[in-house]
Amino acid sequence: MTQTVRTAWAEAQQRLIKTLSLDTNEAKFEAQLLLQNVLNVNRAWLLAHESDTLQDKIKTDYEALLARRLIGEPIAYIFGYREFFGLNLIVTPDTLIPRPDTESLVETALDKIPLETPFTVLDLGTGTGAVALAIAQNRPEAQVTAIDASSGALDIAKRNSNQLDLTQVDFRLSNWFSALEGERFNLIVSNPPYIEQQDTHLTQGDLRFEPMSALASGTDGLDDIRQIVDNCLLHLHPQGWLMLEHGYNQAHLVTDLMAQSGLIDITTIKDLGGNDRVTIGKNPLIVSTHWD
């Protein structure tokens, strides 16, 4: 049966709506995006050539990608990459898929990092390296250390570092601060796991395919955040900042944890959707005290 570019993505759109319950616009976007990937073209080409007949091999390849998406596999894993803060990042099932909400964490960090002054940054739970590499790209004078407890994730982060030629980032295997004894930083950033372990969303949509260890953290979602907050002052320079991404409804809880730990100037920043997304706090120490 002859199939054109338009009929191919239109049929795929309907299947995505029926199977994944996507809305019409989202299904159309994904159907076209999958076909663009198979044809290796941009959307403008796709629309300009919508009456072209598809070759049998293209139809077969398109059906194979569509079948993966129809069982719920995230497009980022199907393609093997995701754009984040202007960087094209390799992603695999070893890593969390970088999301636009996390760009708020990068923007908040960049506001505190001087342009041409030595400055040390620690990214806890780096995953693909998205946050660390975005900071390194925009603040080349900063010394960025990025850690993860997953060797698989670190392998992907290092590949991203190499392909982006941002090799100044120091990637290390560490369970939060475990491999950082005695080290201090001007800024600590993290997008830690913060979903409740029993949250039903973990069994739905893209989250089913992402590493659970990068998503969920205890019954209230705050186990890892508590560990970071409780230990951050041992690794922050005087006047250094801690910045944490969290769930839209967790800002007051994270604020309380930071205040209890002794951090000051605690503030919450909203993401592009208007949700509370990043909470920051500062080490109150001004200078180290030394007694002879």
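The values are calculated or read from the model by the stated rules, or taken from the named source; none is laboratory data. As the structure is a computational prediction, the values presented were derived from the model and not from experiment. FYI the Cβ positions are ideal-geometry reconstructions off the backbone, even for glycines, and counts take in every protein chain you see. In case anyone asks, the SASA skips ligands and DNA or RNA and just uses the protein heavy atoms, side chains included. Shrake-Rupley method; radii C 1.70, N 1.55, O 1.52, S 1.80 Å.
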Under 6 Å between Cβ atoms, at least 6 apart or on separate chains: pull out the pairs that start in the stretch 81-105 with a residue that is farther than 15 Å from S190 by Cα and end on any residue that is among the charged types (D, E, K, R) and assigned to a loop (DSSP other than H, G, I, E, B).
none
In the stretch 1-38, which residues are farther than 18 Å from I71 by Cβ and free of Cβ contacts under 8 Å to residues at least 24 places away in the same chain?
M1, T7, A10, D23, T24, N25, K28, F29, Q32, Q36
Based on what the data block shows, is Y62 open to solvent by less than 30 Å² (accessible area, probe 1.4 Å) and at pLDDT below 95?
no
Residue pairs within 8 Å by beta carbon, gap of at least six or interchain, first lying in the stretch 220-242 and over 13 Å from L263 (Cβ atoms), second assigned to a strand (DSSP E or B) and hydroxyl-bearing (S, T, Y), listed first then second, are H237/T120
Within the stretch 134-142, does at least one residue satisfy the condition of being touching a Ser or Thr at 6+ places or on another chain (Cβ under 6 Å) and either open to solvent by less than 60 Å² (accessible area, probe 1.4 Å) or free of Cβ contacts under 8 Å to residues at least 40 places away in the same chain (or both)?
no
Hey, does the stretch 61-69 have a residue that's closer than 29 Å to L272 by Cβ, out of contact with any strand residue (DSSP E or B) (no Cβ under 8 Å at 6 or more places or on another chain) and touching a residue at least 40 places away in the same chain (Cβ under 8 Å)?
yes
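Each row is one residue, and each column tells you yes or no for (1) part of a loop (DSSP other than H, G, I, E, B); (2) within 18 Å of L124 (Cα to Cα); (3) under 13 Å from the mean Cα position of the chain (by Cα).
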position: L65; (1), (2), (3): no, no, no
position: R68; (1), (2), (3): no, no, no
position: G72; (1), (2), (3): yes, no, no
position: E83; (1), (2), (3): no, no, yes
position: I97; (1), (2), (3): yes, yes, yes
